[in-house]
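Undergrad: First, the structure itself, so that you have it in front of you.
The values are calculated or read from the model by the stated rules, or taken from the named source; none is laboratory data. All values derive from a computational prediction rather than experimental measurement. We place every Cβ from the backbone using ideal geometry, glycine too, and count neighbours over all the protein chains shown. Remember, those area values only see protein heavy atoms, side chains included, never the ligands or the DNA or RNA. Shrake-Rupley method; radii C 1.70, N 1.55, O 1.52, S 1.80 Å.
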Amino acid sequence: MNINYQIANTYLWSNKKMTAVAVFGVVLGIGIYIFMNSLLVGFDKSSNDSMFKNIAHIRVFRDDEIARPLISSTSDATPILINPKVVPNSNTIINPKRIMQEILKIEEVTHVMPQVNVNAFYLNGKSQINGLVVGVEPEAANQMYQIEKTIVKGDFKSLKSNPNGIVIGIGIADKMNLKIGDMLSLTSSKGQTESLKVMAIFQSNNAQIDKYKSYVNISKAQSLLAEGPNYITEINVNTIDPELAPKLAPQIAQITQYTAEDWKAANETLMAAFKMRKIVITFVSLTIVLVAAFGIYNILNMTVTSKINDIAILKAIGFKGKDVIRIFTAQALAIGGIGVLGGMVMATLVITLLRNVYIGGDIGYFPVDYEPTKYLQGATLGMVITFLAGYIPAKKAANVDPVSIFRK
Amino acid sequence: MNILETKLINKYFYEPTEFHVLKDISIKIQKGEFLSLIGKSGSGKSTLLYILSTMDTDYQGELLIDGLSTKGISNDALAALRNEKIGFVFQFHYLLPEFTSLQNVMIPALKLGKWGNDEIEHRAYEKLKLLGLEDQAQKPSSKLSGGQQQRVAIARALINDPLIIMGDEPTGNLDSKNTRIVFDIFKELTEAHGQTIVAVTHDDDFAQNSHRIIEMRDGAIKS
Ligand SMILES: Nc1ncnc2c1ncn2[C@@H]1O[C@H](COP(=O)(O)OP(=O)(O)OP(=O)(O)O)[C@@H](O)[C@H]1O
Ligand SMILES: [Mg+2]
């Protein structure tokens, strides 16, 4: 071993208590950092998971159009059209098959699914429940929203072979006292009334949705709206990574000439809340690491002060400034290295513990997982910060003038 | 051949008041010489020795070691030069307390890296033996007496076979028997191995028996 590291090693062991305190500080700092940031990832994943059970990454639809004058006026002229209104167009997407093919050509797109939304009332004797009937292709819808996982009674697959079937939320089933095989009457906003057979009941993680949403075959939804088989109100698109959606949406809008809205834009308020959560957790975890760094800085500063005679002797017998820097930064890095390892162990323990805590409700088990990237980030941060915390006192030690010490 | 030469060295202290501590110091020391530096307390002996050892570079004038001027040489290069060519015994601060005597003696050689670990340990052990300290080799240096510590420091100064050994009262803490031993070692080093000794001393006997005496008075050399 190089003499510099031998000396560093001796100093670490001759001050066991101080070394232990410094290591402990890093263990706590990095452990909490990794844990909190893994938690953040877990929270985001769990929120996204539950969100993508109801919405797609990108939704393509025909937005309402405001009437425009036929002759475009120059800017300073009086507009020809005053008080324009929404053009009473139908909301159908024209030639949906071709458009879906076009969207599928984009490399990052994994799923494309047509959908017809029908506002309807579920009829129950004299009372009515306001609801949304979603017309889907059952297989594609399951791939996109993982509906089968939320089914509590019946079989979602049987919807496909039953054109008169319907899959309802558990809230509707409870309210209307419906079992599998019962008939449910509903009236669409276009006045069409149908009686459908309950094939399955789902329970999502959102009680609100369970009270008004139901799935039917797309053809049934079209007939509820008294429209033909080409009537599609929206195309849902999933991508390989939800984070890509905001980038892909404009591209899809361009290709299709329809409005393409990504999930982040559709849920702005929720995104703002997520962002805030992220800022708070990042800030708190960084502060904790910083406190640990101050611990190391303090302890190494004290070591340098108490070893000032040694430093003078070492310099007198031929150690260079950079040797002295190495002696003291090596101590910091050793403390940092052991601390980081301990921190990883601590984070793993805490995460393991929490993963087995059942929260219940929408969340289930505590949504935290071992996040390799966060471990890596924590380790890197820990090493960089301990290096800096050691380098500053080491630099001071390197600048010690031996003569001024010998004169004392 | 001059192993050590100074040309008109002057040094001032500015704190607390301006003080001309070294005045026109010009000396030539030959290879193999055993030189004693004497003078009253406060006459500037330690100050001069720090300059000769290259640790203090804050002065006017020129210092030549082994024929080479030290002007404009970087601190790192001076450190390497000290490690290889100069052994130093300090007036008060001696050893690294957390290391054993043997380790203290080994450190300059480990830094130099000229020999392997085993050979360095062997050499260090030999030097300790020379100074009658073989039984103290494995003791932490903080557990040694003042005189023992000073002798370990002398052993450390010898480990790299330096061209020049400088001592600031190297026998200041020793009894007459050990002073005699150290004196004989120094004499042997100069006469048999051609090494050079520059020793500050208050011991008249020691000075009288060395090859040459330089006396300092109020920062100047008394001729
Ligand atoms: N850092 C300093 N600042 C100001 N004056 C100093 C400083 N160091 C030493 N002196 C002064 O310089 C003079 C020479 O000091 P030096 O230590 O060289 O004396 P010395 O000959 O070695 O004495 P001694 O035999 O007591 O060791 C003394 O008058 C001392 O007070
Ligand atoms: Mg002195």
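Undergrad: In region A:90-137, which trypsin sites (Lys or Arg not before Pro) fall in coil by DSSP and have 14 or fewer other Cβ atoms within 10 Å? Could the numbers behind the result be given before it?
TA: Values: sites: A:K97, A:R98, A:K105, A:K126; in loops: A:K105, A:K126.
Listed in order of number, the matching sites are A:K105, A:K126.
Undergrad: First compute the accessible area of region B:1-120 with a 1.4 Å probe, then give the percent of it belonging to carbon and sulfur atoms.
TA: 49 percent
Undergrad: For every other residue with a beta carbon closer than 15 angstrom to the beta carbon of A:T303, add +1 if it is Lys or Arg and -1 if Asp or Glu, then tell me the sum. Mind showing how you got there, number by number?
TA: Numbers: positive: A:K16, A:K17, A:K307, A:R326, A:K395, A:K396; negative: A:D310, B:E98.
Charge balance near A:T303 sits at +4.
Undergrad: Then there's this: Once you have the alpha carbon radius of gyration of the protein assembly as shown, what is it after dividing by 2.2 N^0.38 Å, with N set to its residue count?
TA: So the Cα radius of gyration is 1.69 times the expected 2.2 N^0.38 Å.
Undergrad: Oh, and also: Would you list the P(r) distribution for region A:311-371, with all Cα-Cα distances sorted into 10 Å bins from 0 and each bin expressed as a whole %?
TA: So the P(r) values, bin by bin, are 19, 24, 18, 14, 12, 8, 4.
Undergrad: Suppose R0 equals 45 Å. What FRET efficiency, 1/(1 + (r/R0)^6) with r the Cβ-Cβ distance, do A:K126 and A:Y370 give to the nearest 0.05?
TA: 0.25
Undergrad: Follow-up question, since we're still on this one. Quick one: grab the alpha carbon gyration tensor of chain B, order the square roots of its eigenvalues as a ≥ b ≥ c, and give me rounded if a/c is under 1.5, else prolate or oblate depending on whether a/b is larger than b/c.
TA: The shape class here is prolate.
Undergrad: Over region B:1-124, what relative contact order in percent results from Cα pairs under 8 Å that are six or more residues apart?
TA: 22 percent
Undergrad: Here is a follow-up. Where does helix A:372-398 land angle-wise versus the long Cα axis of chain A, in degrees 0 to 90, nearest 10?
TA: 30 degrees
Undergrad: Per DSSP H run of n ≥ 4, the term is -39500 (n - 2.57); total these for chain A, divide by its residue number, and report the mean residue ellipticity at 222 nm rounded to 500 deg cm²/dmol.
TA: -17000 deg cm²/dmol
Undergrad: Separate question: How high is the FRET efficiency from A:T259 to A:S50, r the C-beta distance, R0 25 Å, rounded to 0.05?
TA: So the FRET efficiency works out to roughly 0.50.
Undergrad: Could you work out [θ]222 nm for chain B from helices alone, using -39500 (n - 2.57) per DSSP H run of at least four and dividing by all its residues? Round to the nearest 500 deg cm²/dmol. If you can, show how the numbers build up before the last one.
TA: Details: 7 runs with 82 residues, N = 223.
That calculation yields -11500 deg cm²/dmol at 222 nm.
Undergrad: What nm distance separates the two modelled labels at A:I106 and A:L388, each placed 7 Å from Cα along Cα→Cβ?
TA: Taking the simple label geometry, A:I106 and A:L388 are separated by 4.0 nm.
Undergrad: Turning to a different aspect of this structure: Run through every distinct alpha carbon pair of region B:6-102 and return the Kirkwood hydrodynamic radius in angstroms, one decimal place.
TA: Averaging 1/r across every pair of different Cα atoms and inverting gives 15.2 Å.
Undergrad: Sticking with this structure for a sec: Could you grab the relative contact order for chain A? Cα pairs under 8 Å, six or more apart, rounded to a whole percent.
TA: 27 percent
Undergrad: How much net charge surrounds A:T329 when only the other residues with a Cβ under 13 Å from the Cβ of A:T329 are counted, with Lys and Arg +1 and Asp and Glu -1?
TA: Numbers: positive: A:K322, A:R326, A:K395, A:K396; negative: A:D323.
Surrounding charge for A:T329 is +3.
Undergrad: Counting DSSP beta bridges in chain A, what percent are antiparallel, to the nearest 5?
TA: DSSP beta bridges in chain A are roughly 80 percent antiparallel.
Undergrad: Using modelled backbone amide H atoms (1.01 Å from N, in-plane), which distant-in-sequence or interchain residues come within less than 5 Å of B:F34's amide H?
TA: Long-range HN contacts for B:F34: B:I197, B:H211, B:R212.
Undergrad: If you don't mind, there's one more thing I want to ask. Could you give the radius of gyration (one decimal) and Dmax (whole number) of the Cα atoms in region B:114-223, in Å?
TA: Answer for region B:114-223, Rg first and Dmax second: 15.0, 48 Å.
Undergrad: Something else now. Give me the accessible area of A:V345, 1.4 Å probe, in Å² rounded to the nearest 10.
TA: 90 Å²
Undergrad: Cross-link candidates for A:K126: which aspartates and glutamates have Cα within less than 19 Å, leaving aside residues fewer than 8 places away along the same chain?
TA: Straight-line reach from A:K126, under 19 Å: A:D174, A:D182, A:E194.
Undergrad: How far apart, in nm, are two points set 7 Å out from the Cα along the Cα-to-Cβ line at A:I180 and at A:V41?
TA: So the two model labels end up 3.9 nm from each other.
Undergrad: Of all chymotrypsin sites (Phe, Trp or Tyr not before Pro) in region A:14-60, which ones are in loop regions per DSSP and have a Cβ with at most 16 other Cβ atoms within 10 Å? Mind dumping the intermediate values first?
TA: Details: sites: A:F24, A:Y33, A:F35, A:F43, A:F52; in loops: A:F52.
Answer in residue order: A:F52.
Undergrad: Find how much the distance from A:K247 to A:I94 grows on full extension, using 0.36 nm per residue of separation minus their present alpha carbon separation; answer in nm with one decimal.
TA: Gain in length upon complete extension: 52.7 nm.
Undergrad: Let me see the pair-distance distribution of region A:253-320: every alpha carbon pair, 5 Å bin width, integer percents in order.
TA: Bins of 5 Å from zero give 3, 13, 9, 9, 9, 8, 8, 7, 6, 6, 5, 5, 5, 4, 3, 1 percent of pairs.
Undergrad: Another question about this same structure. On a 0 to 90° scale, report how tilted helix B:146-158 is relative to the longest principal axis of chain B, with both axes built from alpha carbons and the result rounded to the nearest 10.
TA: Helix B:146-158 and the main axis of chain B meet at about 80 degrees.
Undergrad: Too long at a 22 Å Cα-Cα cut-off: which of A:K45/A:K175; B:K11/B:K222; A:K307/B:K114; A:K190/A:K220; A:K307/A:K395?
TA: Among A:K45/A:K175; B:K11/B:K222; A:K307/B:K114; A:K190/A:K220; A:K307/A:K395, the Cα-Cα distance tops 22 Å for A:K45/A:K175; A:K307/B:K114.
Undergrad: For A:E102, A:E243, write out the residues from largest to smallest accessible area, computed with a 1.4 angstrom probe and no ligands counted. Please list the in-between numbers first.
TA: On the way: A:E102 55, A:E243 95 Å².
Descending accessible area places them as A:E243, A:E102.
Undergrad: If you fit an axis through the alpha-carbon atoms of helix A:268-306 and take the longest principal axis of the Cα set of chain A, what angle between them do you get, 0 to 90°, nearest 10?
TA: With both axes taken from Cα atoms, the answer is about 10 degrees.
Undergrad: Among the listed pairs A:K97/A:K153; A:K322/B:K71; B:K31/B:K85, which have their C-alpha atoms separated by more than 24 angstrom in this model?
TA: Those over the limit are A:K97/A:K153.
Undergrad: Can you pull the three principal axis extents for the Cα set of region A:247-376, in Å, largest first?
TA: Principal extents (largest minus smallest coordinate, Cα): 79, 42, 21 Å.
Undergrad: Separation between the A:K408 and B:S74 pseudo-spin-labels, each 7 Å from Cα along Cα→Cβ, expressed in nm?
TA: 2.9 nm
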